[in-house]
Amino acid sequence: MTVLEAAPVPLANVIGARLGAELVRIHRDHGVNVRTGVTVEQLHTTAEGVVVDCADGGRLEADAVLIGIGIVPNTEVAAASGLQVRDGIVVDAQGRTSTPHIYAAGDVAQRYSARAGGHVRFEHFDNANRQGAAVGNAMLGR
């Protein structure tokens, strides 16, 4: 199995560079070929499977490919409405935006985290579910 990661260290923006590097080491220790700093240029299917052409000139052949590319948050309406936007809709720890009585949650929310020491945006279903519940409670004054 081969994992291609465009970033120099996977998940560094979420869990930090040290822990991200440790995860790479653990995967490699278990036989996974982890290649960081590699982007995919093109995919094409053949009778035998899939060919992956990498931007660095490398080429991989596989029976199957799983693609996880993340998202670019759709913030155009929020920005046009006057909300503060920076890689997502900027919110405080309770999900409040820069405009009173407007909240945001989920993958689009750039939420303040005291633990992280700033605003962070996590693309994960569990985070989105928990933020939704937390923001709902904040809206209800709980």
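Under a 5 Å amide H cut-off, with hydrogens placed 1.01 Å from N, residue 41 pairs with 53, 54, 55 among residues at least 5 apart or on other chains.
Can you divide the C-alpha Rg of the stretch 43-105 by 2.2 N^0.38 Å and report the result to two decimal places?
Output field value: 1.89.
Over all pairs of different C-alpha atoms in the stretch 1-84, the reciprocal of the mean inverse distance, the Kirkwood hydrodynamic radius, equals 15.1 Å. A simple spin-label model places pseudo-atoms 7 Å from Cα toward Cβ; at residue 45 and residue 12 they are separated by 3.6 nm.
The calculated P(r) of the stretch 59-142, using every Cα pair and 10 Å bins from 0, goes 18, 45, 22, 9, 6, 1 in percent.
Take the stretch 1-44, drop everything but the C-alpha atoms, weight them equally and run the Debye formula without solvent; then report log10 I(q)/I(0) at 0.22 Å⁻¹ to two decimals. Rounded to two decimals, the profile gives -0.72. Thinking of the stretch 82-123 as a set of Cα atoms, what percent of all their pairs are more than 13 Å apart? For the stretch 82-123, the share of Cα pairs beyond 13 Å comes to 42 percent.
Find the accessible area per residue for the chain; the probe is 1.4 Å, ligands and nucleic acids are left out, and the unit is Å².
68 Å²
Within the accessible surface of the chain, defined with a 1.4 Å probe on protein heavy atoms only, the carbon and sulfur portion equals 54 percent. Three semi-axes describe the equivalent ellipsoid of the chain; taken as square roots of 5 times the Cα gyration tensor eigenvalues and ordered largest first, they are 36, 18, 13 Å. Structure remark: mean-square fluctuation, Gaussian network model of the chain, C-alpha springs under 10 Å; the largest value among 20, 57, 88 belongs to 57.
The values are calculated or read from the model by the stated rules, or taken from the named source; none is laboratory data. Please read these numbers as outputs of a predicted model, since none were measured by experiment. Virtual Cβ from ideal backbone geometry, glycine too; neighbours counted across all protein chains shown. Each accessible area value is taken on the protein alone, full model and side chains, heavy atoms only, with ligands, DNA and RNA left out. Shrake-Rupley method; radii C 1.70, N 1.55, O 1.52, S 1.80 Å.
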